[in-house]
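The values are calculated or read from the model by the stated rules, or taken from the named source; none is laboratory data. On a predicted model such as this, the values are computed, not experimentally measured, just so you know. All Cβ positions, glycine included, derive from the backbone under ideal geometry; neighbour counts span all protein chains shown.
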Amino acid sequence: MSDKILSGSHAPETNLDRPLYTPIKRRSFFMYAGATAGATALVLAGCKDDNNNSPGMVNVGSGDAGVLNYAYALEQLEADFYTQVRMGSYYTSLGSSSAEKQVLDDLYYHEVIHRDFLRAAITGAGATPIKALTTVYPTGTFSSRTSVLGTAKAFEDLGVAAYNGAGQYISTPLYLYIAGKIVSVEARHAAIIRDLVSEGTFVGNDVVTISTASSSSVSTNNAPAGSSLERSMSPSEVVAIANTFLADGSKLDVSGIR
Amino acid sequence: MNFFQILSEIEKVDPEVYDRLDSRRSVFKHMSGVGQKLTAAALPLFIGSVFNKAYGQTPSGLTAVNVLDFALRLEYLEAIFYSQRTALVGLSSANANALTLIATDEANHVSFLRNVITSTGNTPRTAVTAAEFDFTGGKGSNAGPFSDYRTNPATYLALAQSFEDTGVRAYKGAAPLSVVMANKTVLTAALNIHSVEARHASRLRAMRRGGASNSTPAQGLAVSPYSSAPKSWISGTDNGGAVPGTTDAIYGAGNNSGAPTNITFEAESNTTQGGVTLSTSTSTAFSGFPSAAFSEAFDEGLDVGTVSTIARLFTVTGSSLF
C-alpha cells in the first residue's frame, strides 16, 4: 500500500511523472560509457546566435553554452597570458630551482588545460566555441616581477569572481560541477600569487568580504561585511575588466548570460 | 505536523518553488495517490514526491536547509580547530598571522551560515562546542595520532591542510545538488565560501611546503611525492595527503549513490573530466606537459556521506554531529 506513495520511480506511469519542465534535447554533452541520451536529458539551452551582435564584439551566447563559452574566453586570456609570461624576460631570468618558476609553470599548464578542455567540451556538446581571441597587454608586462605577478594576480582573482558569479546561470548540474572543479584551482592559484606579491594577502578585503560588504550589482552575488565570502562578479562586471586585455574585435559581449 | 507551515517554510527557502508547480493550490494535483486516504505518517512522503518533481533529483531527501546545516557543522569544526592554535611553538609571525586570518574567516562563515538559516525562517542549531571534537584523532581519548597538535606546528598544519582540502571537496559536491541549484542565493553563497576555503588550502600547503618557521612561505619548493612539501594544488592523490595512511580518504573517491546526473566523486588523481580523458595526446598544446598537471588542473568533489566519515575521525565517540 505504501509503495504507491514513494517517489516517481515507483509510481504508476502517469503524466504526473514527467518532469515539470521540458528540457531542450540536444546531442548529449558528454556521451561517455554508460550514459544514455535518455538518462542524461541535458539542457543546453540557447545558442550563439540568440542575441544581436554588437559590431566587432564576440557574443558568447546564452544558456549553458553561453556560460561555457564565457569560461572558455577567460581561460583563453589566462592561457595566453602565461604563454607570454614564459617567453618574457622576467621568467627567463628565473633559475631552475626557483619557487616562482615552479608556480608559473604550473599555472601555464593548468590554464592551457582548462582552455582546451572547455573548447573540446563545447564542441562535444554540439555548440560552437567562440573564435581564438587576440589579447593586448601594456608594454613591459612580461619584463618585470611586479608586472608579471601583478597581472597574474588580477587574472586569477578575476577568474574566481567570474566562475562564482556565473554558477547561478548554469542549468545542467554537471556543468556547474565542472565549473566548481576549475574555480577552486583558480583560487589556489590566486592565493599563492597574492602571497608572492605581498606576504599574507592570500585572502584580503579586496577579494573576500572580511570588513566590507560586496558591491556587485547582482543581488545574489552580495555578501555582508564580516562574512568572509568571495566577492563574486556578474559576467558584465567581469568583462569590463577582461575586455581591457582584449583587442578590438575580440572584446566579449556577455549580454546573453542571464 | 502543520502542512501549510511546511509549504510556507519551503517557499522561504525557494520563492520560485510554486512557480514550478503552477500555483500553490495546484501542488495537490501533483501528488501521486491523490484521492487515496492520507495518513499522518504518509504525509511526508507525499510532500517529498511533490518536491522531487519540482527539483528533479533530490538525493537522500536533503533540503536546502539541511545542506546549509551540513556546511555550518563543517565550519564549526574548522572554527573550533583554529581557535585552538594559540599554544603553537615555532611558527613564524607570517604564519601565525595567516592562521589568524583563516580563523577569522571560519568564524565569519559560522555566523554567516547561521544568519542564512535564520533568513529561511528556520532556527540554526545550538552552537557547536569543542566538546564534540577530539582533534588528536583519538575519538575522545585526546591521545590519538595527532596528540601534539596544539603545540607542534607540523602536526597542526597537517590537520589544517586536511580540513581545508576536505571543505573544498564538500562544498564542491554540494553545489550541484538540485536543492542548492534551485536557490541562486544559496548556491552563490556556497560557491563564495568554497573558493575562500581553497585560498586557505593553498596557503596552508605553502606553509607546510616552506616550513612552519619560514617567514617567506610562498618561496618554498614543492617536493614529490608531496605529502610533506606539497604544492598549493593537489597533485594526483598527494601520496595520501599530509599523513599517508590516515588522511588518504580526503584524496580518494567518494560514494556516487544519489549523486546528480552524470556527476561522480572521483579520487583527486582523476584525469577524465566529463568523459574527456586529459593527457598529452588530447591536444597538441599539451605536448611535453607533465602528467601530474592533468589532475592538478581540476579539484574533485565529495559526497556528504564520505565527508561525514572523514569528519568523524575528529569527533568524540558518542557525538552525533556527523
Can A:Asp206 be described as surrounded by fewer than 16 Cβ atoms within 10 Å (Cβ to Cβ), within 26 Å of B:Asn214 (Cα to Cα) and charged (D, E, K, R)? yes
In the range B:102-112, is there at least one residue being among the β-branched types (Val, Ile, Thr) and surrounded by fewer than 20 Cβ atoms within 10 Å (Cβ to Cβ)? yes
Please work out which residue is farthest from B:Asp299 (Cα to Cα), limiting yourself to the range A:156-210 and to residues that are among the hydroxyl-bearing types (Ser, Thr, Tyr) and part of a helix (DSSP H, G or I). A:Tyr169
Residue that is surrounded by the fewest Cβ atoms within 10 Å (Cβ to Cβ), among those in the range A:144-158 that are charged (D, E, K, R) and more than 11 Å from chain B (Cβ to nearest Cβ): A:Arg145
Sole residue being part of a helix (DSSP H, G or I), under 20 Å from the mean Cα position of the chain (by Cα) and among the polar types (S, T, N, Q), chosen from A:Thr146, A:Thr151, A:Thr128: A:Thr151
Residues of the range B:150-170 satisfying the condition of being polar (S, T, N, Q), under 14 Å from B:Ser227 (Cβ atoms) and over 18 Å from the mean Cα position of the chain (by Cα): B:Thr155
Across (1) free of Cβ contacts under 8 Å to residues at least 12 places away in the same chain; (2) surrounded by fewer than 19 Cβ atoms within 10 Å (Cβ to Cβ); (3) in contact with a helix residue (DSSP H, G or I) (Cβ under 9 Å, 6 or more places away or on another chain), B:Ala229 clears everything bar (1)
Name, by its number, the condition in (1) within 29 Å of A:Pro224 (Cα to Cα); (2) hydroxyl-bearing (Ser, Thr, Tyr); (3) surrounded by fewer than 24 Cβ atoms within 10 Å (Cβ to Cβ); (4) more than 8 Å from chain A (Cβ to nearest Cβ) that does not hold for B:Thr166. (3)
Matching residues in the range A:92-109 (more than 23 Å from B:Thr271 (Cβ to Cβ) and under 26 Å from the mean Cα position of the chain (by Cα)) number 2
Residues being surrounded by 24 or more Cβ atoms within 10 Å (Cβ to Cβ) and either out of contact with any Lys or Arg (no Cβ under 8 Å at 6 or more places or on another chain) or within 8 Å of chain B (Cβ to nearest Cβ) (or both) - total across the range A:159-173: 10
Qualifying residue in the range B:269-277 (condition: farther than 25 Å from B:Ile310 by Cα, more than 23 Å from the chain's Cα centre (by Cα) and more than 11 Å from every other protein chain (Cβ to nearest Cβ)): no
Lone unmet requirement of (1) in contact with an Asp or Glu (Cβ under 9 Å, 6 or more places away or on another chain); (2) farther than 22 Å from B:Ala182 by Cα; (3) in a loop (DSSP other than H, G, I, E, B) for A:Ala223: (2)
Residue list for the range A:224-241, filter: surrounded by 24 or more Cβ atoms within 10 Å (Cβ to Cβ) and either of a type in the set (Gly, Ala, Ser) or touching a Lys or Arg at 6+ places or on another chain (Cβ under 6 Å) (or both): A:Ser227, A:Ser228, A:Ser232
Would you confirm whether or not the range B:300-314 contains a residue that is under 30 Å from B:Ser93 (Cβ atoms) and modelled with pLDDT of 95 or more? yes
Criterion: crowded, with 24+ Cβ neighbours inside 10 Å, touching a residue at least 12 places away in the same chain (Cβ under 8 Å) and more than 8 Å from chain A (Cβ to nearest Cβ) - qualifying residue of B:Pro145, B:Pro176, B:Pro153, B:Pro124: B:Pro153
Of all residues in the range B:79-118 being part of a helix (DSSP H, G or I), of a type in the set (Ser, Thr, Tyr) and in contact (Cβ under 8 Å) with a residue 60 or more places away in the chain, the one that is nearest to the other protein chains (Cβ to nearest Cβ): B:Ser93
Take the residues in the range A:87-130 that are in contact (Cβ under 8 Å) with a residue 40 or more places away in the chain and small (Gly, Ala, Ser); name whichever of them is farthest from the other protein chains (Cβ to nearest Cβ). A:Ser89
